[in-house]
Amino acid sequence: MNSIMSWIKKARLLIAPSLPQCLFCGKRGRPSSGLPGICVSCHTGIPWIRCPRCQTCGRHVGCPDCSRSREPVPIRCNRSAVAYTSEMRELLGQYKYRGNERLAPILGLMLDKAYTILQQEQSEQQIATLQSNSSRRPFSAAKPNYSLIHPALWQADLLVPVPVSSARLAERGFNQAEQLADVLSLRRGIPQLPLLIRTRHTGKQSFKSRSERLADMKQVFAGNTEQKLLQRLGGHLESIAARLQNRPLQIIIIDDIYTTGSTMRACAEALHRLIGDLGYAAEIYSLTWARS
Amino acid sequence: MRVAVYAVECYGSWEIRVSLNLTVDRLWWKGEGMGGEGWGGGQADRLVLLSQSLPLGWGVKLREGFRASPAMTLWKKEDWKRYVANCLKAEIRQEQEEGGLREEEWLTARIISGESMLDRTGGGAKEVAISGNYGGQPVFPKESLLGWGGSAALAAAANQLAAVLAGRSLLQGEAEALVAERLPDLAGNWSAAVQLAHLQGRIRIEAAVAYNNREHGGGVLGWVSKVKQSVKETERIGSREQGGGVLGWGRKMKQSGKETGQIGSREQGGGVLGWVSQAKQSVHVLGRVSEAVAGRGVRPRLTVGRFPVVTGRLLHAAALRLPQLHLPRRGAAARRGASRCLRCGSVPTGRTACAACGLAGCAYCEACLALGRSRACALLLRSAPLPAVRCTAGVSPTVAARRWGLSAAQAAAAAAALGFLAEPRERSAPRGPERFLLWAVTGAGKTEITFPLLEAALAAGGRALIATPRRDVVLELAPRLAKAFPADTPAVLYGGSEDRWNASSITLATTHQLLRFNQAFDLVIIDELDAFPYHNDPMLAYAAEQICKPSGSFIFLSATPPAELQRLARSGKLPHARVPVRFHGHPLPVPVHLHMPPLHRCLKQGRLPGSLIRTLQKSLARKAQIFLFVSRIAHIAGLLQLLNRIFPGVPMEGTSSKDPDRAEKVLEFRNCAISLLVTTTILERGVTVPRSDVFILDADSSLFDEAALVQMAGRAGRSKDDPDGHVVFASAEWSKSQRRAISQIRSMNAIAHRQGYL
Ligand SMILES: [Zn+2]
Ligand SMILES: [Zn+2]
Ligand SMILES: [Zn+2]
Ligand SMILES: [Zn+2]
């Protein structure tokens, strides 16, 4: 018995050095089952937002902004994967500013968890609506309502990344929102299109007041009217025409971080205009990797 | 970034150039600025635009791989296009494989040109107007210099820029930050000035990651690890951390002229090491991210599950751009030579679609990400090599010794080093900087010894650098240097320091900061050469090799030089001086061995051997501060508990590298508020506590090598008031490391005795 134990110990020691290097902390550690490439201790330390306190902006703590504002909001709701703690800030910094693009697939996977939450919430709402409708109108035995028995999961029709300015793009080499959207796009089979463009470079946001920032943001984004892109959008809309018959187009705007929501609102407004000009109605959601 | 690329014929010879600002090049080569200062450009016979906008890495490849042929004089547009496509064959093919443009697209999309810009061969100058964009920037009329008040103003700006970039190696972002701080007038409009300084030969324009056969870079330190390394060997080693590194004293080394010639292949070997570990890691990660995101599977052409045809097309447009995992193509790599990060010497392991250059696969370096990303299209600005000065001593060694208050042993070592600096250097140019080892025992006062050397370098108008692995040493040394050299306030550089872009004749820096310099210094003093992080870190070793001017000098400081350096010194191949005695003139305490069972057994049984307790008791009785070193952090808490029981009332603490309160505890230990400190090797260097004794438990542990033991023993008896501290090696086995450490200490004492320093 003793010798077996010592053998196991030795075997463990032999195995230990080959433990994979964690993409977050860089140390060699036992890999987590939840996120590939991430060690167990980093994985347990992720501040997931599983149940957002604010149903509107997806914040994990109370949120005065959403309850205060009475103006119509162009976004149905925002959901974020994690709370923007100092650890998450450091992680995002490594990816976005230092350019460690190996983190993109993992951050994208994390964003995918937020999508799962959004999907579940929306599906439940759908069922609730269907049930309240059907209770008023009992279905006939000849035509069972399959959609009520097997309601399809809610699914977005399109992903749109928040654009970065061309100066940023040249400096950084990539648009983090687009890379995150790419991961989601491939996992969920939802196309992403760069339907927004940034018309100018904004200065440092932190020096401005909230109202200044909001006013500033308004003119920053515009719909992308590039012909080829609109053709592709048209093609996509045709292909999903069947499911669009009785509902608006469900679009998710993707970004790395949601701070005040001014970026998202400005993007959503520009997007509403673009989609409206094409003769469609849109329901816009937003999904970000982190919520501050 | 993207740059313009052109070929120029001047006095019958062709070359290829890259440009950040073609307006400047046109003025330069037309000779229009002639007469104006800084515009001594030749009159070109012909200018052929090869591309208005090409990824920087490709432009540099064209420039570096250029082979002139006499037929070029007769070449037409199509010939030049064919030449460019041929030179970039490998790049274009790779790009196509990764989903980028195909060769035809490169040749037709108005990217690769071949258009004549200037032809003076047929008598009068025929100038052809080029329309379109250059490097994504609008073309300016040739008369306008992008808002510069004229050619003279631009020349002045180029002068300033070349001056602040002297000895630097900076990525675009860093250069911009430097310009913003040092030359605010140039900020936002510096590319024309860079281009002019480049044409003047004062600033080199490089791609941060490139196939670089021209510049060997390495070999400066001379005893570089054995060059040839089979791939098998590399794979066995498996990861860069264990790979020995460029300084590589763990391996067989030869110091010969031949060696330098082979540096190229060494770099490749070293790179493969890094590569293997990275690749394994990425296989692991990407392979499991999901089927959809796996490695090359991300290609949008692949069918994605039950995806409608139309959206498949959409996906193609929104191509997933993630870093691609690149499997080694040994044959290809061997033929072309591996590309390297010019800043840190590593082989780039990342590759991704890049909006800055527009390539689907732009290589980037993952080893030095912490300092901002170095990639194939990132602009790296370096100054042209500066002439070195000979650090001849202005004053005699005896005068210097008196001025700096050196002891006899310190003075002798300083004199030897000064003699080395003053030696003529003609023969050394092809071999790179000369090296000198200052082997000074712990507590010898090596900092003071360097003062006369710095003085000699400064007196000769040279620039000096002191590099140290530890930030606290930088912080401690800075005020001492400022006091010693009041006329030359040192530039103090460490992660997060304020003087990032200050220039001074003395620079004091932590090792990572060295990556931002290139052949900048006449005198480079490397402190604790054997200490972390130079040891086994090829990146920092590479950086250290890059910073000294080719005919400058390195001074290595160490109390415990690596075995290979010791051997070179003994065999007379490495000039050196030993300081065998401490500044107070007393011999080093010789460690005593004490037999004890392994610590983990003692802790399990809950008791320490009587002999150890008695020895500790003696130290406590003489009111000594006790360093108690253990090999494992896990033992600290248990041992403290035990000691508290044995010596109740004695204030004691435990600390390690993982202890957030470490600095505080060390301070309390220094102030004698704590009299016994249980710790791991983190305190082996740097901490000086008066009246201290040293106990090393499990001294036979493989974690304690000879150098570590000498360093730990070196904590004892450092003060003048208590020069005879006690050192105890406690272990079950009498290991080779312990024997060697003791014999090293004994032999230093013997030398000191023989030379009459005791
Ligand atoms: Zn981790
Ligand atoms: Zn809210
Ligand atoms: Zn690098
Ligand atoms: Zn690039």
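The values are calculated or read from the model by the stated rules, or taken from the named source; none is laboratory data. Remember, predicted model here, so these are calculated numbers, not experimental data. Because the Cβ atoms are built from the backbone with ideal geometry, glycine has one as well, and the counts that use them run over all protein chains shown. For accessibility, only protein heavy atoms count, side chains too; no ligands or nucleic acids. Shrake-Rupley method; radii C 1.70, N 1.55, O 1.52, S 1.80 Å.
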Inset, instruction - Measure off 7 Å from each Cα along the Cα-to-Cβ vector at residue A:25 and residue B:571, then give the distance between these two points in nanometres to one decimal. - result: 4.5 nm
Legend entry - Estimated inter-spin distance, residue B:163 and residue A:86, nm [label 7 Å along Cα→Cβ]: 4.2 nm
Inset, instruction - Could I get the Rg over Rh figure for the range B:435-543? Both from C-alpha atoms, Rh via Kirkwood, rounded to two places. - result: 0.93
Legend entry - D_trans [Stokes-Einstein, Kirkwood Rh over alpha-carbon pairs] for the range B:592-754, 25 °C, 0.890 mPa s, µm² s⁻¹: 155 µm²/s
Legend entry - Under Karplus coefficients 6.51, -1.76 and 1.60, residue-wise ³J(HN,Hα) of the range B:574-585 in Hz, glycine/proline x: 10, x, 7, 9, 10, 10, x, 9, 6, 4, 7, x
Legend entry - Shape parameters for the range B:569-646, alpha-carbon atoms, Rg then Dmax in Å: 18.3, 55
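Loop only per DSSP, at most 13 neighbouring Cβ atoms within 10 Å: give me the GluC sites (Glu not before Pro) in the range B:1-40, ordered by residue number.
For GluC sites (Glu not before Pro) across the range B:1-40 that sit outside H, G, I, E and B with at most 13 neighbouring Cβ atoms in 10 Å, the list reads B:37.
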Legend entry - For residue B:718, residues with placed amide H under 5 Å, excluding near neighbours: B:691, B:692
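Nearest 100 Å² is fine: what is the total accessible surface buried where chains B and A meet, probe 1.4 Å? Mind dumping the intermediate values first?
Numbers: alone 32540 and 16470 Å², together 45680 Å².
Accessible area lost upon association: around 3300 Å².
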Legend entry - For the range B:463-504 versus the range B:569-645, the gap between their alpha-carbon centres in whole angstrom: 34 Å
Legend entry - Alpha-carbon radius of gyration plus Dmax, which is the widest Cα pair, for the range B:690-747 in Å: 11.3, 34
Inset, instruction - Calculate the mean, over all residues of peptide B:361-369, of how many other protein chain Cβ atoms lie within 10 angstrom of the residue's Cβ. - result: 2
Inset, instruction - Would you mind checking which residues have amide H under 5 Å from residue B:489's amide H? H placed 1.01 Å from N; only 5 or more apart, or other chain. - result: none
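If you place +1 on the Cβ of every Lys and Arg and -1 on the Cβ of every Asp and Glu, how big does the dipole about the Cα centre of the range B:397-579 come out, in debye to the nearest 20? Mind showing how you got there, number by number?
Numbers: 19 positive and 17 negative charges, 74 e Å.
Using Cβ point charges on Lys, Arg, Asp and Glu, the range B:397-579 gives about 360 debye.
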Inset, instruction - For residue B:351, enumerate residues with amide H under 5 Å from its amide H, sequence gap 5+ or separate chain, H modeled in the peptide plane. - result: B:324, B:364
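Note down the magnitude of the dipole of the range B:592-754 about its Cα centre, charges +1 on Lys and Arg C-beta and -1 on Asp and Glu C-beta and zero elsewhere, to the nearest 20 debye.
Working: 23 positive and 15 negative charges, 66 e Å.
Computed charge dipole of the range B:592-754: roughly 320 debye.
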Inset, instruction - Sort the following peptides by mean Cβ neighbour count (other Cβ atoms within 10 Å, averaged over residues), highest first: B:151-162, A:36-47, B:74-85. - result: B:151-162, A:36-47, B:74-85
Legend entry - Extended-chain gain in nm, criterion 0.36 nm per residue less alpha-carbon gap, residue B:672 and residue B:396: 95.1 nm
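From other protein chains only, count the Cβ atoms within 10 Å of every residue's Cβ in A:178-190, then give the mean. Don't jump to the answer; show the numbers that get you there.
Details: counts 6, 6, 0, 2, 10, 7, 0, 8, 17, 7, 3, 9, 4.
Mean inter-chain Cβ contacts per residue within 10 Å come to 6.
Just counting partner chain Cβ atoms within 10 Å, what average do the residues of peptide A:165-172 show around their Cβ? Before the final figure, lay out each step's value.
Details: counts 0, 2, 0, 1, 3, 9, 8, 4.
Whole-number average of other-chain Cβ neighbours for A:165-172 is 3.
Looking at the range B:397-579 from every direction and averaging, what is the projected area of its Cα convex hull in nm²? Intermediate results must be reported in sequence, preceding the final value.
On the way: hull surface 39.9 nm².
For the range B:397-579, the mean projected area of the Cα convex hull comes to 10.0 nm².
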Legend entry - Phi to ³J(HN,Hα) by Karplus 6.51 cos²θ - 1.76 cosθ + 1.60 over the range B:398-411, Hz, x for Gly, Pro: 5, 5, 4, 4, 5, 4, 8, x, 7, 6, 4, 5, 4, 4
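Given R₀ = 45 Å, what would the calculated FRET efficiency be for residue B:181 paired with residue A:127, taking r from the Cβ atoms and rounding to 0.05?
It comes out at approximately 0.15.
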Inset, instruction - Evaluate the distance, in nm, between pseudo-label points positioned 7 Å from the Cα of residue B:688 and of residue B:634 along their respective Cα→Cβ axes. - result: 3.7 nm
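Give me the extension gain from residue B:121 to residue B:664: residue separation times 0.36 nm, minus the current Cα-Cα distance, reported in nm with one decimal. Present the calculation step by step, with values, prior to reporting the outcome.
Values: separation 543, 0.36 × 543 = 195.48 nm, distance 7.65 nm.
The residue B:121-residue B:664 span can extend by a further 187.8 nm.
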Inset, instruction - Take the Cβ-Cβ distance between residue B:423 and residue B:502 as r, set R0 to 45 Å, and report the resulting FRET efficiency rounded to the nearest 0.05. - result: 0.90
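Give the calculated FRET efficiency between residue B:67 and residue A:166 to the nearest 0.05, with a Förster radius of 41 Å applied to their Cβ-Cβ distance. Show your work: numbers first, answer last.
Details: r = 37 Å, r/R0 = 0.89.
Rounded to the nearest 0.05, the efficiency is 0.65.
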